[in-house]
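Undergrad: Encoded as structure tokens, here's the structure I'll be asking about.
Derivation of every value follows stated rules applied to the coordinates shown; laboratory data play no part. Owing to the predicted nature of the structure, the values given are computational and were not obtained by experimental measurement. Don't worry about glycine lacking a Cβ; one is built from the backbone with ideal geometry, like all the others, and counts go over all protein chains shown.
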Amino acid sequence: MESFDLIIIGGCASGLVAAINASRLYPGIKIAILERMPRIGKKILATGNGRCNLSNLHAAEHPYTNADFAQYALNKYSVKETLRFFESLGLLTYSDSEGRIYPLSNTAASVLDALRFAVNTENINIYCDYEVKTVKKAKNGFTVNSEFFSKKLILAAGGKASPSQGANGSGYLLAKQLGHSLTDLCPSLTALNADQSVTKPLKGVRVHSAELSIYDLGGNQIKRKGELLFTDYGISGIAAMELASTVERIKAKGVKMDTFTTIDFLPDMSHESLCKYIKNLCISTVLRDFDSLLTGLLPKAVGIAICKAVSLYNSSKKIAELTDFEIENLAAVSKAFPLRITSSRGFDTAQVTCGGIKADEINKKTMESVICPDLFIAGEIADVDGNCGGFNLQWAWSSGLLAGELGGKL
């Protein structure tokens, strides 16, 4: 049985930075990374549409799930510290107007290469195509598949999201073997299935900024704002994806979705301002028809869908003949367009898993298990997740670096 000082299960974001940090802080340590996929870091290549949105300037104040728990790691290894870490690997970055941080090369491969080169050292052994099936607590350490022994162990196996990129949820089974319990798991940051009679005619239409609202099981209105994309199966884009976990939790309780969803196509315009705009438009452009009534505000197809929803499309009525009530109704539907959502697109297309190892079973200042000494938890496998924009990768870096610092200390 081969022995190591530290074994890391999972060779992606959090696991790789944990290995690098432990190796740098404790140069004599012997480390092994066990990765189920043929190559380390595959999921990193798919992030940010291949550009790798690796962090966000606003991560410190982001409302993560279990934000109080996550805050220590996010402060200890802050965005600034994380970027300094990547710079030490030879990777430079830039940020956009939304605070999203990307590699200067604009390619996710640059991020993975920087990490891959850094773990290519004599004291870090990488085993790819290696599936961990059993982990047992042993005297003064752990045994893995009855083939390896290590004094300390970092579980950084990821969640269930995007199985094509290597995630299959096996890390949760290992956590249970070591005494941990899980919160309910559901896909997050994925598109939504919706009423296709509405979405199919709008397939391919993008709305630059829309606000999607859903009432959760507690009766609270959850709103998400961002780009919205219509597809043949439903809706995608940031506004839709950030509500996926809410949709799945409602679905899990057997609640019908018909009354839960509305789209505000003009969230930066008040109802009163929109009414005034439409009224003035009806007076000044009497020759305009309902096909093009809202084209100055929204894509033509969306304007038509709104007019159909208020029974004005194909009406014999002229624009100039609209009553105040009809204008009010047109504005109201533009800002609360009803859409029946049936489900999310599931784990296959999700970017992250919502749920995981319970936060109160992990010491937030060390990432060490409070149930199983010398076991450390990092990344998506813990019950921490955030919205689109680099927040989830920042959690992976912060928790991984912290786990590497304390997990590598013998």
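Undergrad: Relative to the first principal axis of the alpha-carbon coordinates of the chain, what is the inclination of helix 67-76, with its axis defined by its Cα atoms, in degrees from 0 to 90 and to the nearest 10?
TA: The angle comes out at about 60 degrees.
Undergrad: Over region 191-345, calculate the relative contact order: mean separation of alpha carbon pairs under 8 Å at least 6 apart, over the residue count, as a percent.
TA: Reported relative contact order: 32 percent.
Undergrad: Just to be sure I follow the rule: in region 191-345, considering lysines 8 or more places apart or on different chains, how many pairs have Cα atoms under 18 Å apart?
TA: Summing the qualifying lysine pairs gives 17.
Undergrad: Right, something else. Would you grab the residues whose amide H sits under 5 Å from the one on ARG51? Only those 5+ places off in sequence or on another chain, please, with H modelled 1.01 Å from N.
TA: ALA108
Undergrad: Same structure, new question: In terms of the ratio Rg/(2.2 N^0.38 Å) built on C-alpha atoms, what value belongs to region 191-345? Don't skip to the answer; put the middle values down first.
TA: On the way: Rg = 15.9 Å, N = 155, 2.2 N^0.38 = 15.0 Å.
Against the empirical 2.2 N^0.38 Å value, I get 1.06 for region 191-345.
Undergrad: Then there's this: From the convex hull of the Cα coordinates of the chain, what is the mean projected area in square nanometres?
TA: Computing the convex hull of the Cα atoms and averaging its projections yields 20.9 nm².
Undergrad: If you don't mind, there's one more thing I want to ask. Can you divide the C-alpha Rg of region 282-321 by 2.2 N^0.38 Å and report the result to two decimal places? If you can, show how the numbers build up before the last one.
TA: Numbers: Rg = 9.4 Å, N = 40, 2.2 N^0.38 = 8.9 Å.
For region 282-321, the normalised Cα radius of gyration comes out at 1.06.
Undergrad: Whole-Hz ³J(HN,Hα) for each residue in region 262-273, computed from phi via Karplus 6.51 cos²θ - 1.76 cosθ + 1.60 with θ = phi - 60°, x for glycine and proline: what do you get?
TA: Working through the residues one at a time gives 9, 10, 9, 6, 9, x, 8, 10, 6, 4, 5, 5 Hz.
Undergrad: Report P(r) for region 133-253: all Cα-Cα distances, bin width 5 Å, range 0 to the bin holding the largest distance, values in whole percent.
TA: Here the calculated profile for region 133-253 is 2, 10, 14, 16, 14, 11, 9, 7, 7, 6, 3, 1, 0.
Undergrad: Another question, if that's okay. Taking the Kirkwood radius as the inverse of the mean 1/r across Cα pairs, report the Rg/Rh of region 92-167. All intermediate terms of the calculation are to be shown ahead of the outcome.
TA: Working: Rg = 17.3 Å, Rh = 15.9 Å.
Ratio of gyration radius to Kirkwood radius: 1.09.
Undergrad: Something else now. Per-residue counts of other Cβ atoms within 10 Å, averaged by peptide: what ranking do you get for 303-311, 346-354, highest first?
TA: 346-354, 303-311
Undergrad: Then there's this: What's the local net charge at SER181, with K and R +1, D and E -1, over the other residues with C-beta under 12 Å away?
TA: -2
Undergrad: Now, a different point. Percent of alpha carbon pairs in region 1-84 separated by more than 15 Å?
TA: Looking at region 1-84, the distances longer than 15 Å represent 69 percent of pairs.
Undergrad: Against the longest alpha carbon principal axis of the chain, how many degrees, from 0 to 90 and to the nearest 10, is the axis of helix 108-118 turned?
TA: Approximately 10 degrees, to the nearest ten.
Undergrad: Still on this structure, I have one more. On a straight-distance basis, which lysines could pair with LYS133 in a cross-link, Cα separation under 29 angstrom, same-chain partners fewer than 8 positions away excluded?
TA: Reachable lysines: LYS30, LYS42, LYS43, LYS151, LYS152, LYS160, LYS176, LYS358, LYS364, LYS365, LYS409.
Undergrad: If you plug each phi of region 237-244 into the Karplus form 6.51 cos²θ - 1.76 cosθ + 1.60 with θ = phi - 60°, what whole-Hz ³J(HN,Hα) values come out, in order, with x for Gly and Pro?
TA: Each residue's phi maps through the Karplus curve to give x, 4, 4, 6, 4, 6, 9, 4 Hz.
Undergrad: Could you pull out every one of the aspartates and glutamates with an alpha carbon less than 18 Å from that of LYS139, ignoring same-chain neighbours closer than 8 positions?
TA: Here the aspartates and glutamates satisfying the reach criterion relative to LYS139 are GLU2, ASP5, GLU147, GLU368, ASP374.
Undergrad: Another question about this same structure. With θ taken as phi - 60° and the coefficients 6.51, -1.76 and 1.60, list the Karplus ³J(HN,Hα) couplings across region 399-405 in order, rounded to whole Hz; mark glycine and proline as x.
TA: 5, x, 4, 5, 5, x, 5
Undergrad: Another question, then. Where does region 18-171 land on Rg/Rh, using Cα atoms and the Kirkwood Rh?
TA: 0.97
Undergrad: Moving on to the next point. Tell me the relative contact order for the chain as a rounded percent, counting alpha carbon contacts under 8 Å between residues six or more apart.
TA: So the answer I get is 26 percent.
Undergrad: Of the listed peptides 323-332, 141-150, what is their order by residue-averaged count of other C-beta atoms within 10 Å, with the highest listed first?
TA: Those peptides, ordered most packed to least, come out 141-150, 323-332.
Undergrad: Let me ask something else. For region 74-121, what is the convex hull volume of its Cα atoms per residue in Å³?
TA: Considering the Cα atoms of region 74-121, their hull volume per residue is 82 Å³.
Undergrad: If amide hydrogens are placed 1.01 Å from N in the peptide plane, which non-local residues have theirs closer than 5 Å to the one on LYS30?
TA: So LYS30 has HN proximity to ASP5, LEU6.
Undergrad: Divide by every residue of the chain the summed helix terms, -39500 (n - 2.57) for each DSSP H run of at least 4, and state the resulting mean residue ellipticity at 222 nm, rounded to the nearest 500 deg cm²/dmol.
TA: Helices in the chain give a 222 nm mean residue ellipticity of -9000 deg cm²/dmol.
Undergrad: Rank-order 380-386, 110-116, 269-275 by packing density, defined as the average count of other C-beta atoms within 10 Å over each peptide's residues, highest first.
TA: 380-386, 110-116, 269-275
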